[in-house]
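**Student:** Please find one structure pasted underneath; my questions will follow.
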Amino acid sequence: DDDEYDDASDIILGAPSPYDVPKDQQEEMLPPKQVAVPAPDPQLPPSFDGESVGHRYRFLEPQSQWMVRPIVEAHGWDHESGIEGFSVDKGFVVFNKHPGNMSGQLTKDKKDSNVGFEGGVSLHHTKKLVTTAGVDVQTVGKQLAYTGRAETRWKFCAVNKIAAGLSASLVGGALALGTKLENRWKVTPGAKLVVSAGAVSANKDVAYGGNCEAILRHSDDPGNPNSSTVGMSFMNWRGDVALGGNAMSSITLGKDTQLTARANLNSRGAGQLTLRATTNERLQLASLGLVPLLAALIGRIRGD
């Protein structure tokens, strides 16, 4: 009955309604049950066998943060499924505030077996100070390489970010220690300057290196991938200094054609120049790929 309310503000302010169920008579709401769902079928390579073996690898995936997937080798042996291993991935949160992730994979063929593991966690001290730490394990030849790493990133201001990191690797009883320092400076909304330096120490030997790179985007549109990069680097190991420079630029011609040019040169006189065109509308450009093939064939015939 509307006469029970003296003013409409009673309803707005949350006054109890005569139709509300008392708390002692309310039924307890149970959380929804987690139901396992079928995992996606692996994309097996084509086979001459008439029987498909995809049903062997079907399983129910629980609604948890563990994700298990098979690793398929597309160019495997005939009359085989092509599955050489599996991968595991899991995301987690430490103390309800530090996100992390760990992933691993195990592959084995008729000769070799490889193990890979990567785990990391991020510690957000403040909005501008973040530390990331992790552990990596991978197969190097017949041995396992263990690497521990940590990096701290500090957003000094709106246009400057500083990062410092440490690492330690153990391979076959040899320990290698590394450190790096990096500074990212946003010169303009479309230009960025990255300067980094580092050192690696192993078996009483120390190698130093550094890099300076300038990146210029051709457009403020995030969907435009065109950019230009110019960089210089140096390395010093046992008094031997090596200098290098590189440049890269990409432009778009028309709607579906992209042209990319790369060049690099070092202090020892070695360099490389690469020009690549990617297109979906000018297929006749594919004939340019015959030029280096013919040049190599003529050089072999002449004995050069």
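**Student:** In nm, to one decimal, how far is the T260 label point from the S113 one, both placed 7 Å along Cα→Cβ?
**Tutor:** Placing both labels 7 Å beyond Cα along the Cβ direction yields 3.8 nm.
**Student:** Of V88, V230, which has the most accessible area and how do the rest follow, probe 1.4 Å? Don't skip to the end; give the middle numbers.
**Tutor:** Numbers: V88 35, V230 90 Å².
Of V88, V230, the descending order of accessible area is V230, V88.
**Student:** While we're here: Quick one: Karplus J couplings for the stretch 108-117, per residue in order, coefficients 6.51, -1.76, 1.60, θ = phi - 60°, nearest Hz, x for Gly and Pro?
**Tutor:** Whole-Hz 3J(HN,Hα) from phi for the stretch 108-117: 8, 10, 6, 10, 10, 9, 10, 10, x, 8.
**Student:** Quick check for you: which residues of the stretch 237-278 have the amide N under 13 Å from the point 7 Å beyond the Cα of C212 toward its beta carbon?
**Tutor:** In the stretch 237-278, the label zone of C212 (backbone N under 13 Å from the point 7 Å along Cα→Cβ) covers 244-246.
**Student:** Moving on. Mind scanning K128/K186; K128/K161; K155/K186; K142/K180; K186/K255; K127/K161 and naming the pairs with a C-alpha gap bigger than 20 Å? Kindly include the intermediate steps, with their values, before the conclusion.
**Tutor:** On the way: K128/K186 16 Å; K128/K161 9 Å; K155/K186 11 Å; K142/K180 29 Å; K186/K255 30 Å; K127/K161 13 Å.
The pairs that break the limit, which is 20 Å between Cα atoms, are K142/K180; K186/K255.
**Student:** Full-extension gain between A277 and V194, please, as 0.36 nm times their residue separation minus the C-alpha to C-alpha distance.
**Tutor:** My answer for the length gained is 27.1 nm.
**Student:** Find, among the chymotrypsin sites (Phe, Trp or Tyr not before Pro) in the stretch 172-257, those assigned to loop by DSSP (not H, G, I, E, B) with at most 11 other beta-carbon atoms within 10 angstrom.
**Tutor:** none
**Student:** Along the Cα→Cβ direction, 7 angstrom out, place labels at L106 and A295. What is the inter-label distance in nm?
**Tutor:** 4.9
**Student:** Shifting gears a bit: In nm, to one decimal, how far is the modelled label at L170 from the one at K97, with both set 7 Å along Cα→Cβ?
**Tutor:** Placing both labels 7 Å beyond Cα along the Cβ direction yields 3.2 nm.
**Student:** Find how much the distance from M235 to L288 grows on full extension, using 0.36 nm per residue of separation minus their present alpha carbon separation; answer in nm with one decimal.
**Tutor:** Answer, rounded to one decimal: 15.4 nm.
The values are calculated or read from the model by the stated rules, or taken from the named source; none is laboratory data. Note that the structure is predicted; figures quoted are calculated from it, not measured. Note that we place each Cβ from the backbone using ideal geometry, even for glycine, and neighbour counts take in every protein chain shown. Heavy atoms of the whole protein, side chains included, go into the accessibility calculation; ligands, DNA and RNA do not. Shrake-Rupley method; radii C 1.70, N 1.55, O 1.52, S 1.80 Å.
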